[in-house]
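Let me begin by presenting the structure, written as structure tokens, before commenting on it.
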């Protein structure tokens, strides 16, 4: 079964419902995987790129989940998600948390995860600042998973471990300005004893960002291809994408084959939007010289999606109290009316009454 790059992009636009169907946010397919909220507020923009409905705060919850990054998830999904994201082995746990700060401590694998998750579950019984929780948890975990922080003049738990156990500990995020408060999830359960249905996360990745390979799924999960194969779903079909082997859930094959028409739409995708989470970046953007403009180490811009292609990047900044400036760096000519319409949606979500669309090149 052979498909080309444009067919894959058309499939992903449809799979991620970027045609903006009339659905409540919790009904969006991207919530199967979660919507990353980096920087804070970007998840709301990602949802707005897919539906005109207002988010239901009770139906959606912000937690640290995949790779320890903040993600918006369906509240009802949290118990199953905590078990699905629990590492499948010591090697998997080590791969997810190893850093230069805790190379030795990371070898504790599941022991490190369990100790940190139980400590956070015990500590967070009400609203607490992230710093308060970190201090309390650091005192309860093995010293080898902590490091000396010169800036704070204190011994801290590794951030990679601290944030990856948040969901398992039953803790949600309540950001306010530049501060983050941690709050117990309502009706939270005990720390998972084992990984249950980890293949559900891989299946969601493949449905939304496939066809894809084990190596690409491993990068998304923050582990190794060897460990991903331990959670690799069974109901998959092999597909050749411009001659390269990849996999897609069997029940999505017809949708892929039907995705022969180039989608006609323009969307302003925020940084960390689900469409940008694919690890086959060369397929998404063949011009590698553009990659550094889209995916930066820090401070990613948003991306302009035009008919399935990344056609530019954008940034927004308030200009006074009521006006939002949206500055666009276009990689190719952009239709002005749809661009201004989408910029107006972003402005409304940011609480601005007016919007100006500016060309970064002047």
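Quick look at the values:
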{"item": "Answer from 51, 38 - the residue that is assigned to a loop (DSSP other than H, G, I, E, B), in contact (Cβ under 8 Å) with a residue 24 or more places away in the chain and over 29 Å from residue 192 (Cα atoms)", "result": "51"}
{"item": "Residue, modelled with the lowest pLDDT, within region 302-334, restricted to residues that are part of a loop (DSSP other than H, G, I, E, B), surrounded by fewer than 16 Cβ atoms within 10 Å (Cβ to Cβ) and at negative phi", "result": "321"}
{"item": "Any hit, region 112-125, residues being in contact (Cβ under 8 Å) with a residue 12 or more places away in the chain, crowded, with 16+ Cβ neighbours inside 10 Å and over 26 Å from the mean Cα position of the chain (by Cα)", "result": "yes"}
{"item": "Residue satisfying condition, being assigned to a helix (DSSP H, G or I), farther than 19 Å from residue 275 by Cβ and either touching a helix residue (DSSP H, G or I) at 6+ places or on another chain (Cβ under 9 Å) or modelled with pLDDT under 95 (or both), within set 62, 81", "result": "81"}
{"item": "Residue count for region 335-362, restricted to those that are part of a loop (DSSP other than H, G, I, E, B), out of contact with any strand residue (DSSP E or B) (no Cβ under 6 Å at 6 or more places or on another chain) and in contact (Cβ under 8 Å) with a residue 12 or more places away in the chain", "result": "3"}
{"item": "Total residues in region 308-332, condition within 28 Å of residue 209 (Cβ to Cβ), touching a helix residue (DSSP H, G or I) at 6+ places or on another chain (Cβ under 8 Å) and free of Cβ contacts under 8 Å to residues at least 40 places away in the same chain", "result": "5"}
{"item": "Selection count where residues are out of contact with any strand residue (DSSP E or B) (no Cβ under 6 Å at 6 or more places or on another chain) and either assigned to a strand (DSSP E or B) or under 10 Å from residue 61 (Cβ atoms) (or both), scope region 164-179", "result": "3"}
{"item": "Test set (1) closer than 22 Å to residue 236 by Cα; (2) within 16 Å of the chain's Cα centre (by Cα); (3) part of a loop (DSSP other than H, G, I, E, B) - residue 88 fails condition number", "result": "(2)"}
{"item": "Residue match in region 220-233 (condition: out of contact with any helix residue (DSSP H, G or I) (no Cβ under 7 Å at 6 or more places or on another chain) and farther than 24 Å from residue 276 by Cβ)", "result": "yes"}
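To keep it simple, each residue is scored yes or no on (1) modelled with pLDDT under 95; (2) over 15 Å from residue 182 (Cβ atoms); (3) in contact with a strand residue (DSSP E or B) (Cβ under 8 Å, 6 or more places away or on another chain).
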site	(1), (2), (3)
100	yes, yes, no
106	no, yes, no
114	no, yes, no
120	no, no, yes
123	no, no, no
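The values are calculated or read from the model by the stated rules, or taken from the named source; none is laboratory data. Bear in mind the structure is a predicted one, so any value in this text is a computation, not a measurement. Cβ coordinates were reconstructed from backbone atoms using ideal geometry, including for glycine residues, and neighbour counts include every protein chain displayed.
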